[in-house]
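Data block below; observations after.
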Amino acid sequence: MPPAKQSHAPLPMPSVSEVGQPELRLESTLADLRLYHFQIEPHYTGMEVLQVFERYSALPGVVLHECGQFLGMVSRTQLLEFLIRPQGELFISQPMSVLHRYVPTYRLVLPEHTSILVAAQLALRRSLLHQSEPIVVMKNSVNEFPHYYLLDIHELNIAYWQIRGIETQVRYERSQMQMIQSEKMASLGRLVDGVAHEILDPVSFIWGNLVHLSAYTNQIMQLVSTYEQEFSELPPTIQTLHHEIELDYLRHDIPQTIASIRTGAERLRKLATSLQNFCHIDDVYPKPADLHEHLDGIVLLLKSRLLGEIEIVKRYGHLPPVSCYAGQLNQVFMNILTNAVNALLNQVIRQELARDFGHDSIATSPNEVASKPQIIITTQVRSVSAHGSAASSIVRWASVCIADNGPGLSAEKRQQLMDSFSVENRADTETSLAVSYQIVTAKHGGQFHIRSPLRQTSTEQIAIGTEFEILLPLM
């Protein structure tokens with residue numbers, strides 16, 4: 001075939017989007033890498049393109065376009081392969097449109113905002129024939145056709161492994177921070193446990209001596225009553241003292257004073273015990289624990305935040321001792337109850353502002369009812385079929401359900417919350433509920449459910465309240 005005529009218009013020279021040595025991050029995109037811009041019309045010959053390749057040794061290929069429309073890409077490797085074919089020099093003299101028809105048509109075109117990690121994975125999915133081919137990167141421009149750039153696959157692989165190294169370093173640093181934080185929490189737990197122990201010692205003295213004090217007081221009062229019965233006429237000095245100390249009032253007030261001291265000592269003892277249980281460092285193996293006792297302790301620790309605004313309703317069923325890591329379960333109960341308290345307090349504040357300023361100025365959600373905020377804790381033993389059929393084996397679970405009548409979670413928010421429980425997302429941002437999910441499912445082999453009942457209104461379905469259910473297997 002006769003050689004094609006050379007184009008009269010000069011061949012556009014390639015350009016490089018030099019970004020220097022960018023500081024790669026986990027979220028870096030293809031726009032952060034070095035991209036080659038060599039975009040020509042298909043009437044230029046292969047020989048002209050080869051001359052450009054000789055001048056620019058790093059150029060990975062050429063992009064063909066016509067009237068702003070992307071036609072395809074011919075890599076340096078594909079063009080050089082034509083030279084080793086029989087009569088390759090004559091073939092190279094043809095327009096690029098002819099050559100393009102003889103090269104494989106598969107190409108990988110990605111937008112510039114594609115993550116480097118994602119792009120590398122997509123490139124690896126290509127067939128072995130195309131593994132070394134460059135990637136076409138598309139950049140959108142305002143009021144113009146898109147521009148197409150080429151990315152050398154080797155530069156992409158280098159950037160990919162650099163980011164993987166950064167990812168490994170970040171995970172290592174995060175694990176080190178978690179270890180340091182765990183050690184700090186363990187040290188704080190031991191400190192609080194020691195303080196609670198020091199509180200319990202004098203409380204035990206008070207509690208033990210209250211029994212004797214009550215007995216001594218009763219005996220003294222009996223002795224005084226006996227004197228009054230035996231001596232109907234008391235000496236004037238004794239009568240004066242009788243009125244000064246208000247003996248009749250003391251007889252009535254002393255038992256109440258002793259009862260108040262006993263109540264205060266009991267509350268202090270329960271608070272110190274709750275602190276010890278919450279800061280308990282778990283053993284290597286799980287041990288049986290009374291979940292009701294631990295729930296009561298967590299509620300007692302949160303009592304200062306309730307301030308009479310939130311009512312705690314306990315609907316405890318019969319639960320046998322559950323084999324668990326008590327310290328970690330205390331953290332789960334604390335996380336869930338804290339989230340419920342925060343949601344209810346926020347709702348109370350919005351309702352108070354709405355009452356003060358009027359409903360028009362501050363809009364409240366239609367599911368924020370005027371009823372008293374409540375947190376309902378329900379425990380029971382549930383028997384569930386292992387495989388969902390009556391013929392399957394029955395598995396017994398200890399169920400702890402913590403529900404509130406707050407604003408609730410929409411389907412979108414509930415899905416986002418469930419997505420945060422995944423390993424990938426949990427590595428990015430570790431929330432308290434994600435930690436709770438990990439403790440219940442991975443550490444205890446249990447189940448962690450989130451529900452938000454729906455109520456149908458005239459226009460839409462709205463969520464009412466949030467319910468967290470923890471299922472722990474019973475042996």
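The values are calculated or read from the model by the stated rules, or taken from the named source; none is laboratory data. Just so we're clear, the structure is a prediction, and the values are computed from it rather than from any experiment. We place every Cβ from the backbone using ideal geometry, glycine too, and count neighbours over all the protein chains shown. Areas reflect the complete protein model, heavy atoms only, side chains present, ligands, DNA and RNA absent. Shrake-Rupley method; radii C 1.70, N 1.55, O 1.52, S 1.80 Å.
Residues in the stretch 89-140 that are surrounded by 14 or more Cβ atoms within 10 Å (Cβ to Cβ), charged (D, E, K, R), under 39 Å from the mean Cα position of the chain (by Cα) and in a loop (DSSP other than H, G, I, E, B): Arg107, Glu112, Arg126. Within the stretch 57-79, the set of residues being open to solvent by 80 Å² or more (accessible area, probe 1.4 Å), more than 16 Å from Arg101 (Cβ to Cβ) and not polar (S, T, N, Q) comprises Cys67 only.
Output the residues belonging to the stretch 281-296 that are closer than 15 Å to Ser323 by Cα and at pLDDT below 80.
So the first thing to find is which residues in the stretch 281-296 are closer than 15 Å to Ser323 by Cα, and the list is 282-294.
Matches in the stretch 281-296: Asp282, Asp283, Val284, Tyr285.
Has the stretch 144-167 got at least one residue that is touching a strand residue (DSSP E or B) at 6+ places or on another chain (Cβ under 6 Å), of a type in the set (A, V, I, L, M, F, W, C) and either part of a helix (DSSP H, G or I) or within 24 Å of Ser75 (Cα to Cα) (or both)?
Taking the stretch 144-167 as the starting set, the residues that turn out to be touching a strand residue (DSSP E or B) at 6+ places or on another chain (Cβ under 6 Å) are 146-151.
Next, only the ones that are of a type in the set (A, V, I, L, M, F, W, C) stay: 150-151.
Subsequent filtering for residues that are either part of a helix (DSSP H, G or I) or within 24 Å of Ser75 (Cα to Cα) (or both) retains 150-151.
Checked the stretch 144-167: at least one residue is touching a strand residue (DSSP E or B) at 6+ places or on another chain (Cβ under 6 Å), of a type in the set (A, V, I, L, M, F, W, C) and either part of a helix (DSSP H, G or I) or within 24 Å of Ser75 (Cα to Cα) (or both).
Rundown of residues vs (1) within 36 Å of the chain's Cα centre (by Cα); (2) modelled with pLDDT of 80 or more, yes/no style:
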| position | (1), (2) |
| --- | --- |
| Ser7 | no, no |
| Pro10 | no, no |
| Glu23 | yes, no |
| Ala31 | yes, yes |
| Ile40 | no, yes |
| Tyr44 | no, yes |
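If we scan the stretch 156-171, do we find a residue that is under 23 Å from Phe70 (Cβ atoms) and open to solvent by 30 Å² or more (accessible area, probe 1.4 Å)? No: zero hits.
For the stretch 315-331, the set of residues classified as outside any strand (DSSP E or B), touching a strand residue (DSSP E or B) at 6+ places or on another chain (Cβ under 7 Å) and open to solvent by less than 40 Å² (accessible area, probe 1.4 Å) consists of Gly317, Leu319, Ala326, listed by residue number. Just one of (1) of a type in the set (A, V, I, L, M); (2) more than 25 Å from Gln374 (Cβ to Cβ); (3) modelled with pLDDT of 90 or more fails for Leu268. It is (3). When Gly308 is tested against (1) under 39 Å from the mean Cα position of the chain (by Cα); (2) in a helix (DSSP H, G or I), exactly one condition is not met: (2). Name the residue that is surrounded by the fewest Cβ atoms within 10 Å (Cβ to Cβ), counting only residues in the stretch 351-406 that are β-branched (Val, Ile, Thr), over 14 Å from Leu471 (Cα atoms) and modelled with pLDDT of 90 or more. Looking at residues that are β-branched (Val, Ile, Thr), over 14 Å from Leu471 (Cα atoms) and modelled with pLDDT of 90 or more, I get Ile376.
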